[in-house]
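Enquirer: The structure under discussion is supplied below as structure tokens; questions concerning it will follow.
The values are calculated or read from the model by the stated rules, or taken from the named source; none is laboratory data. If you're wondering where the values come from, they're calculated on a predicted model, not measured in any experiment. Cβ placement follows ideal geometry from the backbone for every residue including glycine, while neighbour counts extend to all protein chains displayed. Note: accessible area is taken over every heavy atom of the protein model, side chains too, but ligands, DNA and RNA are not part of it. Shrake-Rupley method; radii C 1.70, N 1.55, O 1.52, S 1.80 Å.
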Amino acid sequence: MTSDPAPLYGAHLATLQQRAETALARGGFDYLVIPSGTVQYQVFDDRDYPYAVNPQFKAWVPLTRNPGSWLVFTPGKRPKLIYLQPFDYWHVVPQAPSGYWPEHFELVVIRKPEEARQHLPGDPARCAILGEAQSALGEHAPNNPAPVLDSLDYHRAFKTPYEIAMMRQATMRGVRGHRAAERAFRAGASEFGIHLAYCQAAGQDTIELPYNNIVALNEHGAVLHYTELERVPPKPLRSFLIDAGASFGGYACDITRTYASDTGSEFQSLIDAVDDVQQRLSADFRAGRDYRQLHLDAHLALAGVLRDAGVLKVSPEAALETGISAKFFPHGLGHGIGLQVHDVAGFAESDQGGTIAKPEGHPYLRLTRTLQPGMVVTNEPGLYFIDLLLEELRAGEHADAVDWERIEAFRPFGGIRIEDDLVVTEGEPVNLTREAFAEGR
């Protein structure tokens with residue numbers, strides 16, 4: 001697989017046009033209209049919120065900082081890009097489109113957002129307009145018709161070679177950040193300092209990252225979405241969990257690693273055991289596999305790790321059946337990824353709607369579909385020592401199923417998560433994350 005998206009873009013755009021034609025026919029519309037999104041200001045202030053591009057828009061063009069633009073697709077015609085390039089001396093004005101992609105569009109440059117109206121289809125009722133309400137321009141208001149969205153979102157799970165190349169580029173950025181973050185941790189930096197080292201190495205500021213960095217030292221690793229970034233490093237420094245991604249042309253990577261300050265410690269052995277589970281699971285991310293079963297397989301494997309570490313006194317099967325394993329692994333195994341970190345249609349039964357239910361007792365699983373070639377999904381098993389969940393376990397009927405002294409020994413380290421991004425193929429899965437780490441050596 002190539003990491004250069006340029007020669008792959010034409011085929012990608014053709015795939016989007018074919019998908020759009022099908023979706024429009026399903027919904028009974030003549031035009032697909034997608035606003036890039038607008039800038040929104042904070043209440044009682046003149047400061048704007050960070051702009052986030054409409055994912056439906058950046059699927060067509062690698063533009064992420066262009067509010068006020070529009071894309072129009074009419075079946076059988078060249079797509080039209082209405083490109084806002086305002087007269088403005090307060091801010092940097094977007095440059096004229098350049099590179100490998102503009103030649104595929106009918107390009108219309110406007111100077112004011114309201115000028116887009118004259119270039120949109122005449123009858124808004126015949127348009128499927130995908131976006132947020134604040135992007136409305138007169139009667140051209142987003143209607144987000146379900147038949148169109150159901151069709152487009154379902155097929156968005158199947159990435160084109162262009163999209164995988166974009167994600168490779170994002171992954172290389174993310175890996176650079178992760179390597180710098182580990183170095184900063186080993187040097188004794190604070191969470192905030194590690195975060196800054198990550199951003200510097202990845203070459204992206206916080207608002208450019210696909211999600212807020214999780215930089216957790218010691219027991220903070222037990223908070224699944226910890227984003228506080230303390231300014232003073234704790235003493236002693238025991239462990240480090242980082243869940244951080246990067247973006248490229250609107251596509252995301254999502255990577256998690258965990259480290260022990262003492263590489264000869266029991267906690268390091270636990271990290272190594274989880275990493276082994278993660279890699280064995282990754283090898284099974286193959287076409288035809290039910291992701292729900294992979295999630296349950298992860299529970300059994302992680303419960304086995306806990307039993308080997310002396311934490312569990314019961315079998316992995318008993319830990320899964322009674323819900324004990326969920327006290328230590330409370331989130332889902334992973335999710336789709338691409339234009340969004342948690343990509344859409346993870347539960348979609350088909351491109352015409354419907355939902356594939358989550359396994360009973362596993363409410364936080366984000367993906368229930370059967371894996372098929374072209375899907376890109378994450379694999380992120382974890383083990384955590386979370387006070388709230390441990391208190392529930394201690395107060396319940398299965399309190400004697402664990403060794404509480406062993407739990408107390410691991411609590412100060414917080415938790416462990418290992419996460420890679422995997423491309424499902426007809427054969428061996430492609431691990432974008434591990435490949436990028438190997439290339440960076």
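Enquirer: Once you have the alpha carbon radius of gyration of segment 200-275, what is it after dividing by 2.2 N^0.38 Å, with N set to its residue count?
Expert: Expressed relative to 2.2 N^0.38 Å, the Cα Rg reads 1.21.
Enquirer: Something else about it: How much area per residue is accessible in the chain when the probe is 1.4 Å and only protein heavy atoms are counted (Å²)?
Expert: With the other protein chains kept in place, the chain gives 44 Å² per residue.
Enquirer: Per residue, how big is the convex hull around the C-alpha atoms of segment 397-441? Give it to me in cubic angstrom, could you?
Expert: Expressed per residue, the convex hull around the Cα atoms of segment 397-441 is 165 Å³.
Enquirer: Same structure, new question: Any idea what the dipole of segment 225-314 comes to, in debye rounded to 20, about its Cα centre with Lys/Arg Cβ at +1 and Asp/Glu Cβ at -1?
Expert: That gives segment 225-314 a dipole magnitude of about 100 debye.
Enquirer: Also: List the DSSP H helices in the chain whose Cα atoms stretch 20 Å or more along the helix axis and whose mean Kyte-Doolittle hydropathy is at least 1.0.
Expert: TM-like helix candidates: nothing returned.
Enquirer: Here's a follow-up. Can you run the Rg to Rh ratio on segment 279-415? Use alpha carbon positions and the Kirkwood inverse-distance Rh.
Expert: Checking Rg against Rh, the ratio lands at 1.01.
Enquirer: Looking at segment 106-203, what % of the alpha carbon pairs are farther apart than 21 Å?
Expert: 63 percent
Enquirer: Amide H neighbours of VAL402 under 5 Å, counting only residues 5+ apart in sequence or on other chains, H built in-plane at 1.01 Å?
Expert: LYS313
Enquirer: Let me ask another. Using the Kirkwood formula on the Cα atoms of segment 315-395, what hydrodynamic radius do you get, in angstrom to one decimal?
Expert: It works out to 14.4 Å.
Enquirer: Post the alpha-carbon centroid distance, segment 350-376 to segment 220-277, in whole angstrom.
Expert: If we compute the Cα centre of each part, the gap is 27 Å.
Enquirer: Below 19 Å Cα-Cα, how many Lys pairs turn up in the chain? Only count pairs eight or more apart in sequence, or on different chains, if you could.
Expert: Total qualifying Lys-Lys pairs in the chain comes to 5.
Enquirer: Over segment 351-441, how many percent of alpha carbon pairs lie in each 10 Å bin up to the one with the longest distance?
Expert: 12, 28, 28, 23, 9, 0
Enquirer: Still on this model: Accessible surface of THR378 in the full protein assembly, 1.4 angstrom probe, to the nearest 10 Å²?
Expert: Approximately 0 Å² for this residue.
Enquirer: OK, next. Using Cα-Cα distances under 8 Å and only pairs 6 or more residues apart, what relative contact order does the chain have, in percent?
Expert: Relative contact order comes out at 15 percent.
Enquirer: Could you work out the mean projected area of the convex hull around the alpha carbons of segment 225-331, in square nanometres to one decimal?
Expert: Taking a quarter of the hull surface, the average projection is 9.5 nm².
Enquirer: Got a sec to turn the phi values of segment 44-57 into Karplus ³J(HN,Hα) couplings, 6.51 cos²θ - 1.76 cosθ + 1.60 with θ = phi - 60°, whole Hz, x for Gly and Pro?
Expert: Calculated HN-Hα couplings, in order: 6, 8, 10, 9, 8, 6, x, 6, 10, 5, 4, x, 5, 6 Hz.
Enquirer: Could you grab the Rg to Rh ratio for segment 1-105? Cα atoms only, Kirkwood for Rh.
Expert: 1.02
Enquirer: Also, quick follow-up: Can you list residues from other chains, or at least 5 along the same chain, whose modelled amide H is less than 5 Å from the amide H of SER239?
Expert: ASN218, SER261
Enquirer: Also, I was wondering about something else. For segment 220-270, which whole-number percentage of the solvent-accessible area (1.4 Å probe, protein heavy atoms only) is attributable to carbon and sulfur atoms?
Expert: Roughly 52 percent of what the probe reaches on segment 220-270 is carbon or sulfur.
Enquirer: Something else about it: Run through segment 1-56 and list the trypsin sites (Lys or Arg not before Pro) located in a DSSP loop whose Cβ has at most 13 other Cβ atoms within 10 Å.
Expert: ARG47
Enquirer: List, in order, the whole-Hz ³J(HN,Hα) value for each residue of segment 329-343 obtained from phi through the Karplus relation with A = 6.51, B = -1.76, C = 1.60 and θ = phi - 60°; use x for Gly and Pro.
Expert: Once θ is set to phi - 60°, the couplings for segment 329-343 become 9, x, 10, x, 5, x, 6, x, 8, x, 5, 10, 4, 9, 5 Hz.
Enquirer: When the Debye formula is applied to the Cα atoms of segment 55-163, each taken as the same point scatterer, what base-10 log of I(q)/I(0) results at q = 0.15 Å⁻¹?
Expert: The calculated log intensity ratios at q = 0.15 Å⁻¹ are -0.72.
Enquirer: Which cross-chain or sequence-distant (5 or more) residues have an amide H under 5 Å from the amide H of ALA287, H modelled 1.01 Å from N in plane?
Expert: When sequence neighbours closer than 5 places are left aside, the close amide H contacts are THR425.
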